[in-house]
Protein chains: 2
Amino acid sequence: MTKITIDKNAFPYPMPMVLVGTLVNERPNFMAVGWVARVNFGPPMIAVALGKPHYTNSGIHASGAFSVNIPGIDLMEKVDYCGIVSGRMEDKSTLFKVITGKETGTPMIDDCPLCMECKVVSVVDLPTNELFIGEIAGAYANADCCADGIPEIEKIRPFMLSMPDNRLWEVGDNVGKAWSIGMNLKRQG
Amino acid sequence: MTKITIDKNAFPYPMPMVLVGTLVNERPNFMAVGWVARVNFGPPMIAVALGKPHYTNSGIHASGAFSVNIPGIDLMEKVDYCGIVSGRMEDKSTLFKVITGKETGTPMIDDCPLCMECKVVSVVDLPTNELFIGEIAGAYANADCCADGIPEIEKIRPFMLSMPDNRLWEVGDNVGKAWSIGMNLKRQG
């Protein structure tokens, strides 16, 4: 092996930065999260992994719902603020224009170009984190970010987090077509 | 609400493209995956969500281990090829220089600048996918991608996938420091 062993918690890769919304004690609350992934195709599900001490967790448990809001890079400071301060200490409900998911009643952020409201289908209890798996009950986008009803990433302008360096990154150039460019190798094979 | 309702499976955001490795029928196999996230801080765990029909799933069940390999953009065609062809039909073990994780015996890809070998701790059975949660048993990086023993994302040069448009993206500019730039708002508050 030509590699060196590194700290098992210190592998940087680009994580999408999202805002997870939920009602906590009847007030909308939002938390910045990079530990997020799609987890099921049909029906569509998405999962977020939150450290157990977070204020958000109690709200998701109580309401059975959460939202995943994809912010554009113009919201970067506010998103970061939502990752620094806890809803226990400060009211984050007035930072954004809050809208309510019609399927779940969970708060979403109109300032974010892309929002999904999710019903909790499973909670995986891990040692330091809870993994909330949500079925997407509704998905919404700004009309001016869409072409033929499908949102376009270059109009959404999401950004990413890398850890442990805690740097934020914008999406760069489109460098290829997935499930296509590899066909060159298949033809050679 | 100023938003339009969109298809619940059609929300593009940047997903890191990784190669998931495992032994299947005693042969190393690699699959391209964008549905991946960190899920636990201590001990470090990562999860991958794979469609149930995939060849890889049987190998992870049988071996109890998988690897997550972060490819650089120079491997983009090979990664895409691993997303197009199934190990049932074609031998993908010769595409890369394969190395073996010393903790789990699972195959990893030396060509990738960053590799993690994982022991399965939980499998969540979802309707169309299985979510494999792995504890990171070992993490390895190319020495020339590291500074002070920590890998740097601009040297790893990972790339991302967006769906449903199936486009590949490179990481763009570093636009801010996380858990820091939001302090400006806190001071104003």
What single numbered condition from (1) closer than 30 Å to A:Thr128 by Cβ; (2) among the β-branched types (Val, Ile, Thr); (3) in a strand (DSSP E or B) fails to hold for B:Ile4?
-> (1)
Can you give me the number of residues within region B:97-156 that are part of a loop (DSSP other than H, G, I, E, B), over 30 Å from A:Pro44 (Cβ atoms) and out of contact with any Pro (no Cβ under 8 Å at 6 or more places or on another chain)?
-> 8
Inspect region B:37-55 for any residue being of a type in the set (Phe, Trp, Tyr), surrounded by fewer than 24 Cβ atoms within 10 Å (Cβ to Cβ) and not in a loop (DSSP other than H, G, I, E, B) and give the result as yes or no.
-> yes
Working carefully through the options A:Ala10, A:Ala37, A:Ala47, find the one that is within 10 Å of chain B (Cβ to nearest Cβ) and over 21 Å from A:Thr104 (Cα atoms).
-> A:Ala10
Pairs with Cβ under 6 Å, 6+ apart, first in region B:138-157 and more than 9 Å from chain A (Cβ to nearest Cβ) and in contact (Cβ under 8 Å) with a residue 40 or more places away in the chain, second surrounded by fewer than 19 Cβ atoms within 10 Å (Cβ to Cβ) and in a helix (DSSP H, G or I) | B:Arg157/B:Ile73
Go through (1) at the interface with chain B (Cβ under 7 Å from one of its Cβ atoms); (2) farther than 24 Å from B:Glu154 by Cβ; (3) at pLDDT 95 or above and name the single condition A:Val98 misses.
-> (1)
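Starting from residues that are in contact with a helix residue (DSSP H, G or I) (Cβ under 7 Å, 6 or more places away or on another chain) and surrounded by 20 or more Cβ atoms within 10 Å (Cβ to Cβ), keep the ones in region B:56-75 and report whichever is farthest from the other protein chains (Cβ to nearest Cβ).
The extreme case among them is B:Phe66.
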Of all residues in region A:1-36, count the ones that are of a type in the set (Asp, Glu) and either under 18 Å from the mean Cα position of the chain (by Cα) or crowded, with 24+ Cβ neighbours inside 10 Å (or both).
-> 0
Residues satisfying the stated conditions in region A:56-74, i.e. closer than 11 Å to A:Phe30 by Cβ, among the hydroxyl-bearing types (Ser, Thr, Tyr) and assigned to a helix (DSSP H, G or I) = A:Thr56
Can we say B:Ala65 is hydrophobic (A, V, I, L, M, F, W, C) and under 21 Å from B:Pro127 (Cα atoms)?
-> no
Tell me which residues, restricted to region A:115-173, are basic (Lys, Arg) and at negative phi.
-> A:Lys119, A:Lys155, A:Arg167
Filter region B:120-134 down to residues that are surrounded by fewer than 20 Cβ atoms within 10 Å (Cβ to Cβ), touching a residue at least 40 places away in the same chain (Cβ under 8 Å) and more than 7 Å from every other protein chain (Cβ to nearest Cβ), then give me how many there are.
-> 3
Within region B:90-108, considering residues that are in contact with a helix residue (DSSP H, G or I) (Cβ under 9 Å, 6 or more places away or on another chain) and over 18 Å from B:Phe132 (Cβ atoms), the one surrounded by the fewest Cβ atoms within 10 Å (Cβ to Cβ) | B:Glu90
If you go through region A:18-27, how many residues are at the interface with chain B (Cβ under 8 Å from one of its Cβ atoms) and part of a loop (DSSP other than H, G, I, E, B)?
-> 0
Among the candidates B:Lys52, B:Lys78, residue that is of a type in the set (Lys, Arg) and facing chain A (nearest Cβ under 7 Å) | B:Lys78
Test B:Ile99 against the stated conditions and say whether it is out of contact with any Leu (no Cβ under 8 Å at 6 or more places or on another chain) and closer than 27 Å to A:Ser180 by Cβ.
-> no
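The values are calculated or read from the model by the stated rules, or taken from the named source; none is laboratory data. Please read all numbers here as calculations on a predicted model, not as lab measurements. Please note: Cβ atoms are built from the backbone with ideal geometry, for glycine as well, and neighbour counts cover all protein chains shown.
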